[in-house]
């Protein structure tokens, strides 16, 4: 099933992605120049473990991060931590999750990071595109992305 995207929507998606990539690149240079963390985005990754397959996926992600010397150092220093997705504020209190809506354009990695920090889920309009990086990041951070029907 192929969905056509207008030229305007495509331009907006490219603009959002470039803005995100440029901001990430600038932050990475600042972090490296300052001698702080080895990883440009010292962070915590949410891990959902409800089955054996989830556990296997989480362990593989940790091993993947530890193979890179900078990633291993970040894990050892505590700059990169792995937490259970169940520890998000909305789940701890039993409240309904916060919803971040995306009406047009694309869901990018930045949307996913913001939702993870807020303990939110992302709900998109039918025509919104989800970038591959955003989809991967949502899996690693335990952020749910739902499309309206």
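Since every read-out is calculated from the coordinates, none of them should be taken as a lab result. Here the structure is a predicted model, which is why all the values come from computation and not from measurement. Neighbour counts run over all protein chains shown; Cβ positions are idealised from the backbone, glycine included.
Side notes on the structure shown:
- Annotation: peptides 105-113, 127-135, 60-68, ranked by per-residue average of other Cβ atoms within 10 Å with the highest first, follow the order 105-113, 127-135, 60-68.
- Gap separating the Cα centres of the range 48-66 and the range 102-149, nearest whole Å: 21
- Gain on full stretching of the segment that runs from residue 72 to residue 125 - 0.36 nm per residue minus C-alpha separation: 15.2 nm
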